[in-house]
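I have placed the structure first, in the form of structure tokens, so that the comments after it can refer back to it.
The values are calculated or read from the model by the stated rules, or taken from the named source; none is laboratory data. Fair warning: this is a prediction, and the values are worked out from it, not measured in the lab. With ideal geometry, Cβ positions are generated from the backbone for all residues, glycine too; neighbour counts draw on all protein chains shown.
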Amino acid sequence: MELYFLGTGAGMPSRQRNVTSIVLNVLDECGSCWMFDCGEGTQHQILQTPVKLAKLHKLFVTHLHGDHLFGIPGLLTSRSNQGGVEPLTVYGPPGIRPFIETSLAVSDSHLNYELHIVEIGEGVVCEDAYFIVEAALLDHRIDSYGYRIVEKEKTGALDASKLRALGLRPGPIYGELKRGQSVTLPDGRTIHGSEIVGPPIPGRIVTVLGDTRYCEASIRLSEQADVVVHEATFAGDREELAEQFYHSTSVQAAKVALEANAHALILTHISSRYPDEEAARLLNEACQLFPNTVMARDFWSYLVPRKGGRPS
């Protein structure tokens, strides 16, 4: 699992940051890429990255402000023109369906793949053999959702030393033991999968929050998360302004991560009032409260570690 940041700015593009879009690379887990928000210019940002639109199968929209969805029509048509033929599903608040359908109809755009649009509410948004995705309403001027992506637990690895000690060679029997089955060998010995397979591998948790003021829903979605992606539109001394415009400060983002007992925090959605040096101040003040904090920048990636691992 790897997060790839295509746009990390707030409201409108700046010289340093495009508007919001994040890709979650789960190619190794399920052969797919997922996108969270798609601000204007996202398809241009992708041209400078290893992200392949043909592998994009899910798009999650946090809310319907322009800096989070104006790039969708262009992205959908570019995916079609670049050979994307597998179905794509867009999840978002009520209103996302007419926005997309009207944009495509008025522009006479035709897609070469099935497009599914799901208008979401709170609760489980989707689930497959690998992940479960939950959404909850945050505190913003319009309905804005946060997403909690939970990777399902994996079966433990086969113990190679035990297999060798038993004289077992690679073959179908490995698969049966991996599935926890019991196998009787030609010499009469019975081998139980539970004795050969290591402990289950815990799944990872990634939380991506839309625009929001500090709220309990953010903490709940971030509980025990391996990484939390939280907006930090304003510096800590602008808390009143953040409250007025339904956004968060860097300190409030750190407070969410701390109270949720998260492992790591990534700040994004940085206002253009904070160029590079000023943005560093936002990071520093967040780190004072929650040390394992980093600030995203366009074209930066974060590898989500497994329990006990290290990020890169």
Strands (runs of 3 or more DSSP E) lying entirely in region 91-168 (those with 3 or more residues that are in contact (Cβ under 8 Å) with a residue 12 or more places away in the chain and touching a Lys or Arg at 6+ places or on another chain (Cβ under 8 Å)): 131-137
Count of residues meeting criterion [crowded, with 21+ Cβ neighbours inside 10 Å and either closer than 23 Å to ILE149 by Cα or modelled with pLDDT under 95 (or both)] in region 40-55: 2
Any hit, region 107-114, residues being among the polar types (S, T, N, Q), surrounded by 13 or more Cβ atoms within 10 Å (Cβ to Cβ), in contact with a helix residue (DSSP H, G or I) (Cβ under 6 Å, 6 or more places away or on another chain) and in the same structural domain as PHE70 (by TED's automatic domain parsing): yes
Matching option when the condition is surrounded by fewer than 18 Cβ atoms within 10 Å (Cβ to Cβ) and touching an Asp or Glu at 6+ places or on another chain (Cβ under 9 Å), among VAL118, VAL124: VAL124
Filter result (over 17 Å from the mean Cα position of the chain (by Cα) and within 30 Å of ARG179 (Cβ to Cβ)) within region 130-158: GLU153, LYS154, THR155, GLY156, ALA157, LEU158
Scope region 56-90; condition part of a helix (DSSP H, G or I) and either under 19 Å from the mean Cα position of the chain (by Cα) or surrounded by 16 or more Cβ atoms within 10 Å (Cβ to Cβ) (or both); matching residues: ASP67, HIS68, LEU69, ILE72, PRO73, GLY74, LEU75, LEU76, THR77, SER78, ARG79, SER80
